[in-house]
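The values are calculated or read from the model by the stated rules, or taken from the named source; none is laboratory data. Here the structure is a predicted model, which is why all the values come from computation and not from measurement. Neighbour counts are summed over all protein chains in view; Cβ atoms, including those assigned to glycine, are modelled from backbone coordinates with ideal geometry. Keep in mind that these areas ignore ligands, DNA and RNA; they rest on the heavy atoms of the full protein, side chains included. Shrake-Rupley method; radii C 1.70, N 1.55, O 1.52, S 1.80 Å.
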Amino acid sequence: MKIGIVSDLHLGYERFFDDAYTQARDALEKASELADVLIIPGDIFDYRRPEPEVMAQAVELFRDISRKQFEAKVIEYTGKNLYTNKPIIAIPGTHERRSEGAVDSVDVLHLAGLLVSVNKSKVVVEKSGERIAVFGIGGVADERFRETIKDAGFIPDANAFNIFMIHQTLYELLPFSKEFTHIEELPEGFDLYVDGHIHSRVEMKCHGKDFLIPGSTVLTQLKGLEQEEKGFFIYDTKTYTYTFHKITSRPFSLIKIDIEDKDPKTITDSIQKAIESTIINNTTKQKPIIKIEMTGKIKKGFKPIDINLGAISIERNDAIIEITKNNVEEVKASEEAEEIRARRMENMSIKDYGISIFLEKLSNNKYSLSLSPSKLFDILSSDERKETAVNNAMKELFMDNN
Ligand SMILES: [Mn+2]
């Protein structure tokens, strides 16, 4: 059988509300044409309590998909009640996660008979004698993941192709917390491992088998990795191979502008030039999202505030422009730190002195993340235990928004 793997639709995502819907529809429609079974490893919705408008989008979408002819049928389910035999199988992600026992929005679609939710359960699909068993665990807090796998007690089906489906961060994907489960800690004996949560495509191995994350169908984080094209996987259980299929998605470009030793006019000119060439090179019919990140230290005698972003037309009808000043402010902050240092030390509080050293270190190491250095300092100094403070900072820096 062919399995379509579509993840992280994020219906209702406020910033790109229409994109979330149209791109989810494009992915599910294309995947359902190519696949016998559809599996969705979480984050169908962007938030726990979707507005009626967003629930309506989901109902419309899954109603249309579930009305298609599927030869494969659900023949076994270990969850409570089954309301459809169509092979559309999903788990709730971190964005839909609610307390133990509470109804989540994927359950609502399950109750409506539009899909089958396999949270901590197993579903078996059959087509002309071939069987696929999907074992699912919805997104849980990282520290509870190992225990949840154990409690689920999944035993692979000897007469089926077995899929283990989760919505979780693993250490190999984001090596920032000791709490994260390692990929080899996932149970053995499955033929395919499918994960959601990460919004860019991942192709790895787990116990010698494929471990796949298709990435989200809509742009959310505007980070470098999201410049790749959006899409879904089709996995063939006969050949143990898979292919990636693109969907029609809004193009995104992240452009880094080095402002080192440049004057404001040169900087705005190069931003303008980068924007124009990105627009010219856009081959899609959609307005591209162009994010500009400035790095480096401005020419002596100028301040970052002298960069006149107003001169760059941000409101234009052929592109969505976003310019981040984070790194520029950082330079400004370190300039201030130098001034502070130059002043007499006795006028400085211990904390201010600490911050000034911290900023200088960050600047020397070319810190360029979106969290402002002062906020990072606050998080790092908020807990007496070093490890907790570092973990909190790592979460804030790298786990936002997945
Ligand atoms: Mn997500």
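TYR47: among the aromatic types (Phe, Trp, Tyr), open to solvent by 50 Å² or more (accessible area, probe 1.4 Å) and within 16 Å of the ligand (Cβ to nearest atom), yes or no?
Numbers: among the aromatic types (Phe, Trp, Tyr): yes; open to solvent by 50 Å² or more (accessible area, probe 1.4 Å): yes; within 16 Å of the ligand (Cβ to nearest atom): yes.
For TYR47, the condition - among the aromatic types (Phe, Trp, Tyr), open to solvent by 50 Å² or more (accessible area, probe 1.4 Å) and within 16 Å of the ligand (Cβ to nearest atom) - is met.
Could you run through region 191-214 and say how many residues are more than 15 Å from the ligand (Cβ to nearest atom) and either at negative phi or of a type outside the set (Gly, Ala, Ser) (or both)?
Step one: filter region 191-214 for residues more than 15 Å from the ligand (Cβ to nearest atom), giving 191-193, 203-212.
Those left that are additionally either at negative phi or of a type outside the set (Gly, Ala, Ser) (or both): 191-193, 203-207, 209-212.
Residues flagged as more than 15 Å from the ligand (Cβ to nearest atom) and either at negative phi or of a type outside the set (Gly, Ala, Ser) (or both) within region 191-214 amount to 12.
Which members of region 50-75 meet the condition of being within 16 Å of the ligand (Cβ to nearest atom) and either in a loop (DSSP other than H, G, I, E, B) or not assigned by TED's automatic domain parsing to the domain that holds ASP19 (or both)? Steps first, please.
Taking region 50-75 first, the residues within 16 Å of the ligand (Cβ to nearest atom) are 50, 54, 58.
Matches in region 50-75: PRO50 only.
I'm trying to understand the selection: among the residues of region 99-116, which are surrounded by 15 or more Cβ atoms within 10 Å (Cβ to Cβ) and touching a residue at least 24 places away in the same chain (Cβ under 8 Å)?
Looking only at region 99-116, we keep the residues that are surrounded by 15 or more Cβ atoms within 10 Å (Cβ to Cβ), and these are 104-110, 112-116.
ASP104, SER105, VAL106, VAL108, LEU109, HIS110, ALA112, GLY113, LEU114, LEU115, VAL116, listed by residue number.
Among the residues of region 152-171, which ones are closer than 14 Å to MET399 by Cα and either more than 16 Å from the ligand (Cβ to nearest atom) or part of a loop (DSSP other than H, G, I, E, B) (or both)? Don't jump to the end; show me each part of the working.
Filtering region 152-171 down to residues closer than 14 Å to MET399 by Cα leaves 167-171.
Hits for region 152-171 are HIS167, GLN168, THR169, TYR171.
Determine whether region 76-85 contains at least one residue that is surrounded by fewer than 18 Cβ atoms within 10 Å (Cβ to Cβ), assigned to a helix (DSSP H, G or I) and more than 16 Å from the ligand (Cβ to nearest atom).
no
So, in region 1-15, of the ones that are within 16 Å of the ligand (Cβ to nearest atom) and farther than 17 Å from VAL202 by Cα, which residue ends up surrounded by the fewest Cβ atoms within 10 Å (Cβ to Cβ)? Give the steps one after another, and end with the answer.
First pass over region 1-15, keeping only residues within 16 Å of the ligand (Cβ to nearest atom): 5-15.
Now drop any that are not farther than 17 Å from VAL202 by Cα, which leaves 10-15.
On the way: HIS10: 29, LEU11: 26, GLY12: 22, TYR13: 25, GLU14: 9, ARG15: 14.
Out of the qualifying residues, it is GLU14.
Can you list the strands (runs of 3 or more DSSP E) found entirely within region 176-261 that contain at least 3 residues being open to solvent by 60 Å² or more (accessible area, probe 1.4 Å)? Break it down stepwise before answering.
Details: elements: 192-195, 202-206, 209-213, 231-236, 241-246, 252-258.
Because the criterion is at least 3 residues that are open to solvent by 60 Å² or more (accessible area, probe 1.4 Å), the strands (runs of 3 or more DSSP E) in region 176-261 that meet it are 241-246.
From the set of residues in region 50-66 that are within 17 Å of ALA31 (Cβ to Cβ) and surrounded by 18 or more Cβ atoms within 10 Å (Cβ to Cβ), which is farthest from the chain's Cα centre (by Cα)?
Per the criteria, the residue is SER66.
Having 1 or more residues that are at pLDDT 80 or above and within 16 Å of the ligand (Cβ to nearest atom) is the bar; report the helices (runs of 4 or more DSSP H) wholly within region 295-402 that clear it. First the steps, then the outcome.
Values: elements: 326-342, 350-364, 373-380, 386-398.
In region 295-402, the matching helices (runs of 4 or more DSSP H) lie at 386-398.
Does any residue of region 121-133 turn out to be under 21 Å from ASP36 (Cα atoms), outside any strand (DSSP E or B) and in the same structural domain as LEU186 (by TED's automatic domain parsing)?
Going through region 121-133, the residues under 21 Å from ASP36 (Cα atoms) turn out to be 121-133.
Then drop every residue that is not outside any strand (DSSP E or B), which leaves 128-129.
Adding the requirement that they be in the same structural domain as LEU186 (by TED's automatic domain parsing) leaves 128-129.
Yes, because at least one residue in region 121-133 is under 21 Å from ASP36 (Cα atoms), outside any strand (DSSP E or B) and in the same structural domain as LEU186 (by TED's automatic domain parsing).
If ASN308 meets every condition in (1) free of Cβ contacts under 8 Å to residues at least 60 places away in the same chain; (2) open to solvent by less than 50 Å² (accessible area, probe 1.4 Å); (3) over 30 Å from LEU11 (Cβ atoms) apart from one, which number is that one?
Failing condition for ASN308: (2).
Can you name the number of the only condition in (1) within 24 Å of SER128 (Cα to Cα); (2) open to solvent by less than 40 Å² (accessible area, probe 1.4 Å) that THR169 fails?
With (1) within 24 Å of SER128 (Cα to Cα); (2) open to solvent by less than 40 Å² (accessible area, probe 1.4 Å) applied to THR169, the lone miss is (1).
Residue under question is GLU188, and the condition is that it be in contact with a His (Cβ under 7 Å, 6 or more places away or on another chain) and away from the ligand (no atom under 13 Å from the Cβ); does it hold? Spell out the reasoning first.
Details: in contact with a His (Cβ under 7 Å, 6 or more places away or on another chain): yes; away from the ligand (no atom under 13 Å from the Cβ): yes.
For GLU188, the condition - in contact with a His (Cβ under 7 Å, 6 or more places away or on another chain) and away from the ligand (no atom under 13 Å from the Cβ) - is met.
I need every pair where a residue in region 55-72 that is touching a residue at least 12 places away in the same chain (Cβ under 8 Å) has its Cβ under 6 Å from the Cβ of a residue that is in a helix (DSSP H, G or I), sequence separation at least 6 or different chains.
If the second residue must be in a helix (DSSP H, G or I), the pairs left are GLN57/TYR21; LEU61/ARG25; PHE62/LEU109; ILE65/LEU28; ILE65/SER32; LYS68/SER32.
Within the group ALA31, ALA27, which residue is within 16 Å of the ligand (Cβ to nearest atom), open to solvent by less than 10 Å² (accessible area, probe 1.4 Å), part of a helix (DSSP H, G or I) and under 28 Å from GLU126 (Cβ atoms)?
Working: ALA31 fails: within 16 Å of the ligand (Cβ to nearest atom).
From the options ALA31, ALA27, the qualifying one is ALA27.
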